[in-house]
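The values are calculated or read from the model by the stated rules, or taken from the named source; none is laboratory data. The structure displayed is predicted, hence computed values, not measured ones. All Cβ positions, even for glycine, are placed from backbone atoms using ideal geometry, and neighbour counts span all protein chains on display.
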Amino acid sequence: MTGASPGFARGRRLRSTPALRRLTAQTRLSPADLVLPVFVKEGIDAPQPISSMPGVVQHTQESLRKAAHEAAEAGISGLILFGIPADKDPVGSQADAADGVVNVALQQLLADLGDELVLMADLCLCEYTDHGHCGVVTPAGLVDNDPTLDRYASVALAQAQAGAHVIAPSGMMDGQVAAIRRALDGNGYPELPVLAYAAKYASCFYGPFREAAEGAPQFGDRSTYQMDPPNADEALREVRQDLAEGADAVMVKPALAYLDIIARVADEVRVPVSAYQVSGEYAMVEAAAANGWVDRERAILETLTAIRRAGAGSVLTYWAVEAARLLRR
Ligand code: PBG
C-alpha cells in the first residue's frame, strides 16, 4: 500500500505542530474572559486561609485592594465580591448597610481602580443571615420569597450607591430580577446592568464556598429555591424569565458538571453568557494535583477551555489571576 488513500481522512495533518494547532484552535481563552471571585471579611487583621480552597483567602480590606491591583495587572476583566460581616441577623442587615463590609470594599476598589476592572456585587443574603439561608424565613423555617424580594431591592440599591458596576443576584428567588430592576430604575440607576445567576443548581460543589463565605444553612438545604440537577429545560425557562424581567446577561452555575446547560443556554439566547467554575470544582482539581494525580496547570486551562467551548463567553474562576498569567506566558 503506497500513497494517499481516499479511504480515510487524515485529521493528524492539522495536529502536527504547535503552530498548526494554535492556528486551527476553535476556542480561545484569554485573560479578558476571566472574573475572579473574592471574599472580604470584617474584623480580621490578616488574610485568613480557607482550608478547603488552598490558595484562596478571606481578605481584609487592605489585602483585597492589593489583590485587586494584581488582578488588574494580570489583565482579567473583573472581580465579584462576597462579604462576611462581623454580625449576622435573621434579615441580613449588613448586606445593605452603607458601612457593610462589601459596600465599603466596593467604594475603596472604585476609588483605587476606577473602571479598570468590572466590579460585580454578588447579591444574596446567605453570608449575612444568622440562619444561612438566601432569604428571610417564616417561623416555620421556609424561605419566604416575596418579603425576600424587598430585601434584595434594598441590597441592590446599597451596592449601586457603593459603586458596583454590575449587580449579580444569586439567591434564586422568583421575581428577583424584576424587583432589583425596578429598584435600580426608580432610584437613579437605570444604566446599571444586572447579571442574573439564572440557572443555579442546588449543588454539592458549593461545599468549600460555604466555609469561605461562612454561609452554610443552619437547617435544611437550598433545594426549595435552587434548581434540581436532573433538569435542563427548566434552566431555559429560568433564563427566559430573567431576561423578560430585565436581566442584561445570564449565568450558569456550576460549570463543569453543567456544560450541557451552558451549551443549551448559549444556543438559545443572544445575550452574554457567563459560567461559574465553583469552589468544589476548584477543590477537586487542587486536591488531585496535590496528590500528583493530575497536572494542575493543564487541568486549570483544560477545564476553563471546556467551559468556553461549551459556549460561555466569560468564566468566574478562583484561578482567574493565575490562569491569566499562564495564558500570557
Ligand atoms: C450565594 C452563593 C453561593 C455561591 C455563590 N453565591 C453558595 C450557595 O448558593 O450555597 C457558590 C460559589 C462557589 O461554590 O464557588 N448564594
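Of the helices (runs of 4 or more DSSP H) lying entirely inside segment 155-244, the ones with 3 or more residues being at pLDDT 95 or above and hydrophobic (A, V, I, L, M, F, W, C) are found at 176-186, 233-244. Considering segment 193-217, and only residues there that are out of contact with any Ser or Thr (no Cβ under 7 Å at 6 or more places or on another chain) and among the hydroxyl-bearing types (Ser, Thr, Tyr), the residue that is nearest to the ligand (Cβ to nearest atom) turns out to be 203. For segment 277-318, a residue qualifies if it is in contact with a helix residue (DSSP H, G or I) (Cβ under 7 Å, 6 or more places away or on another chain), within 16 Å of residue 54 (Cβ to Cβ) and small (Gly, Ala, Ser), and the qualifying residues are 279, 280, 283, 289, 299. Report yes if residue 172 is in contact with a Phe, Trp or Tyr (Cβ under 7 Å, 6 or more places away or on another chain), more than 9 Å from the ligand (Cβ to nearest atom) and of a type in the set (A, V, I, L, M), otherwise no. The answer is no for residue 172. If a residue must be assigned to a loop (DSSP other than H, G, I, E, B), crowded, with 21+ Cβ neighbours inside 10 Å and acidic (Asp, Glu), how many such residues does segment 79-125 contain? So the answer is 1.
Count of segment 22-51 residues, restricted to those that are in a helix (DSSP H, G or I) and in contact with a helix residue (DSSP H, G or I) (Cβ under 6 Å, 6 or more places away or on another chain), is 2. Taken over segment 105-137, the criterion of being at positive phi and in contact (Cβ under 8 Å) with a residue 40 or more places away in the chain is satisfied by 132 alone. Note on segment 251-262: residues that are within 15 Å of the ligand (Cβ to nearest atom) and either closer than 11 Å to residue 199 by Cβ or assigned to a loop (DSSP other than H, G, I, E, B) (or both) amount to 6. Could you tell me whether any residue of segment 266-275 is within 16 Å of the ligand (Cβ to nearest atom), surrounded by 20 or more Cβ atoms within 10 Å (Cβ to Cβ) and not small (Gly, Ala, Ser)? No: zero hits.
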